[in-house]
Amino acid sequence: MGPKPTPNHALSLTPTEKTELATTLELLTRLYVRNVNQHRRSHWFSSLVAFRKQLGLLLGEIEAATEGIKSLKGKKAQEAKEEGEMKVTERLGFWDEVCHGWYLTFTQLLAAGQFAVLGLVLMAAVARVCKLVGITEFYQDFASEDMKEVLQVMEKGEAVIERI
């Protein structure tokens with residue numbers, strides 16, 4: 001893994017992005033309620049439960065951190081900001097480890113065929129939330145550097161497969 005995600009991106013979300021996260025949480029809640037009886041013993045359903053719970057906790061922490069800073073002044077505001085950043089950093093660090101598992105679980109649901117649409121929706125939700133909170137930034141930069149290296153090798157006329 002790369003460096004842990006920082007809370008800067010998550011704490012500086014625009015109101016539209018916060019609304020999008022809340023809407024995704026509402027979607028996950030509706031999927032949970034709709035499917036709990038039929039799929040509660042399925043492997044993928046535990047990933048849905050964990051993703052839904054973690055998104056709710058993250059939204060609460062982001063809201064508490066940003067609202068706590070606005071309502072306090074001076075030294076207490078700084079302490080609240082640091083505490084909020086610490087909580088969000090820990091949450092995003094945990095997410096960086098488990099969001100790949102959620103995504104892979106939902107790809108298996110997609111591959112199974114019977115519930116492909118549900119799997120596609122859940123995969124898109126994980127990808128969008130990770131993009132909004134800044135987890136995928138490092139990986140995009142990393143992939144960009146790899147692509148630049150491949151393009152440079154191709155310009156020199158060397159075989160790309162030999163280098164990889």
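Values quoted throughout were computed directly from the atomic coordinates according to the rules given, and no laboratory measurement underlies them. Everything numeric here is computed off the predicted structure, so don't read it as measured data. Here Cβ is always computed from backbone atoms with ideal geometry, including for glycine, and neighbour counts include all displayed protein chains.
Rounded to the nearest 20 Debye, what is the dipole magnitude of region 7-137 about its Cα centre when Lys and Arg each give +1 and Asp and Glu each give -1 at the C-beta?
Charge dipole, region 7-137, about its Cα centre: 440 debye, nearest 20.
With an 8 Å cut-off on Cα pairs and a minimum separation of 6 or more residues, tell me the relative contact order of region 10-97 in percent.
Worked out over region 10-97, it gives 29 percent.
By average Cβ neighbour count within 10 Å, what is the ranking of 49-59, 75-85 from highest down?
49-59, 75-85
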